[in-house]
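Okay, so here's the structure we're looking at.
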Amino acid sequence: MAVMLKLAYVLLACMVGFAPYVTEGAISCGTVVSKMTPCIPYLTGGALPPSCCAGFKYLVAATKTTPDRQTACNCLKSAAAGIPGINYGNAASLPGKCGVSVPYKFSPSTDCTKVQ
């Protein structure tokens, strides 16, 4: 429950922080976080639920432009920072485990401004 509360706070911060940059049709932090929430058990050392890969595949399909990919990257970094005990190795393995490709590594040191 505490994780969900923290995730809600991160989501709110993302929505407020990115609101001026979001254009019509662009992906929102709310969408990014809601699609990736099923991944929390895997990111903290548990099993990989099918709903995680479904959400991840949706995000890959929905982020066709550079601004959308940069927004998703920033949202993921912010949300991950609010998850206690996150395993960044598990986060980095998600693309391979879900059978998708992303143009950046899931890491707290990823520079989202360089995501193409």
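For this structure, a couple of remarks:
- Within region 83-92, restricting attention to residues that are in contact with a helix residue (DSSP H, G or I) (Cβ under 8 Å, 6 or more places away or on another chain), in a loop (DSSP other than H, G, I, E, B) and open to solvent by 50 Å² or more (accessible area, probe 1.4 Å), the residue that is farthest from Cys39 (Cα to Cα) is Pro84.
- Boolean, Tyr9 is among the aromatic types (Phe, Trp, Tyr), modelled with pLDDT of 90 or more and either closer than 18 Å to Gly96 by Cβ or within 15 Å of the chain's Cα centre (by Cα) (or both): no
- Residue match in region 52-71 (condition: on the phi > 0 side of the Ramachandran plot and either in a loop (DSSP other than H, G, I, E, B) or open to solvent by 40 Å² or more (accessible area, probe 1.4 Å) (or both)): no
- Count - residues of region 72-82 that are surrounded by 19 or more Cβ atoms within 10 Å (Cβ to Cβ) and not in a helix (DSSP H, G or I): 0
- Selection of region 93-116 for residues being exposed (fewer than 14 other Cβ atoms within 10 Å of the Cβ), free of Cβ contacts under 8 Å to residues at least 40 places away in the same chain and in a helix (DSSP H, G or I) yields Gly96, Lys114.
- Selection from region 37-51 of residues that are of a type in the set (A, V, I, L, M, F, W, C) and open to solvent by 40 Å² or more (accessible area, probe 1.4 Å): Ala47, Leu48
- Looking at Ser34, Ser28, just one residue is without any contact (Cβ under 8 Å) to a residue 24 or more places away in the chain and either over 18 Å from Asp111 (Cβ atoms) or open to solvent by 30 Å² or more (accessible area, probe 1.4 Å) (or both), and that residue is Ser34.
- Of the numbered criteria (1) at pLDDT 90 or above; (2) on the phi > 0 side of the Ramachandran plot, the one Gly25 fails is (1).
The values are calculated or read from the model by the stated rules, or taken from the named source; none is laboratory data. Small disclaimer: the values here were computed from a predicted structure and weren't measured. Note that each Cβ is placed from the backbone with ideal geometry, even for glycine, and that neighbours are counted across all protein chains shown. Each accessible area value is taken on the protein alone, full model and side chains, heavy atoms only, with ligands, DNA and RNA left out. Shrake-Rupley method; radii C 1.70, N 1.55, O 1.52, S 1.80 Å.
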